[in-house]
1. Would you please give the FRET efficiency between THR29 and THR52, computed as 1/(1 + (r/R0)^6) with r the Cβ-Cβ distance and R0 = 35 Å, to the nearest 0.05?
2. Measure off, as a whole percent, the carbon and sulfur share of the 1.4 Å-probe accessible area of the chain, all protein chains present.
3. What distance in nm separates the simple spin-label points at LYS11 and LEU90, each placed 7 Å from Cα in the Cβ direction?
4. For the chain, what number results from the quotient of the Cα radius of gyration and 2.2 N^0.38 Å?
5. What number, in percent, do you get for the relative contact order of the chain if the mean sequence gap of Cα pairs under 8 Å and at least 6 apart is divided by its residue count?
6. How would the stretch 15-58 be classified by its alpha-carbon gyration tensor: rounded, prolate or oblate, with rounded meaning a/c under 1.5 and the a/b versus b/c comparison settling the rest?
7. What residues have an amide H closer than 5 Å to that of LYS8, excluding those fewer than 5 places away on the same chain, when H is modeled at 1.01 Å from N in the peptide plane?
8. Near LYS56, which lysines are there with a Cα under 25 Å away, not counting those fewer than 8 places off in the same chain?
Amino acid sequence: TDSRGKEKLMKLSFSIKSTEPTIAVIVETYKAEIVDVVISQISARSSEELLTVGGKNLLKDELIQDINNVINEVTASDSKIARNNVKTILFTTFVIK
């Protein structure tokens, strides 16, 4: 929503950069969990915040942390997978209408 309470529609796409060679498989396997944390982060913000550079950077930082938390949790039993291996998120689509 915006500051007047008007609902907005958002389309977001992003790429994940990681030090883990199997990140694509992990992300695909746990896509529902990752999408859930992304939706939660975006829903907690106003459209005005998301349209600022600072708001986008804060969203990226918090998404990296939340996605790492999901991956750390679901791969905890696999000692071959490093913790906190998502290093960067790159927005490839970011539209608010």
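1. Working: r = 34 Å, r/R0 = 0.96.
Calculated transfer efficiency: 0.55.
2. Values: 3280 of 6260 Å².
Ligands and nucleic acids excluded, carbon and sulfur reach 52 percent.
3. 2.0 nm
4. Working: Rg = 14.5 Å, N = 97, 2.2 N^0.38 = 12.5 Å.
Cα Rg divided by the expected 2.2 N^0.38 Å: 1.16.
5. Values: 101 pairs, mean separation 50.6, N = 97.
Across the chain, relative contact order equals 52 percent.
6. Numbers: a/c = 4.70, a/b = 1.84, b/c = 2.55.
Oblate is the answer for the stretch 15-58, as a/c is 1.5 or above yet b/c matches or exceeds a/b.
7. So LYS8 has HN proximity to ASP2.
8. Excluding near neighbours in sequence, the set is LYS6, LYS8, LYS11, LYS17, LYS31, LYS87, LYS97.
The values are calculated or read from the model by the stated rules, or taken from the named source; none is laboratory data. Computed from a predicted model, the values in this text were never measured in an experiment. Neighbour counts are summed over all protein chains in view; Cβ atoms, including those assigned to glycine, are modelled from backbone coordinates with ideal geometry. Quick note on the areas: whole protein, heavy atoms, side chains included, nothing else; ligands and nucleic acids left out. Shrake-Rupley method; radii C 1.70, N 1.55, O 1.52, S 1.80 Å.
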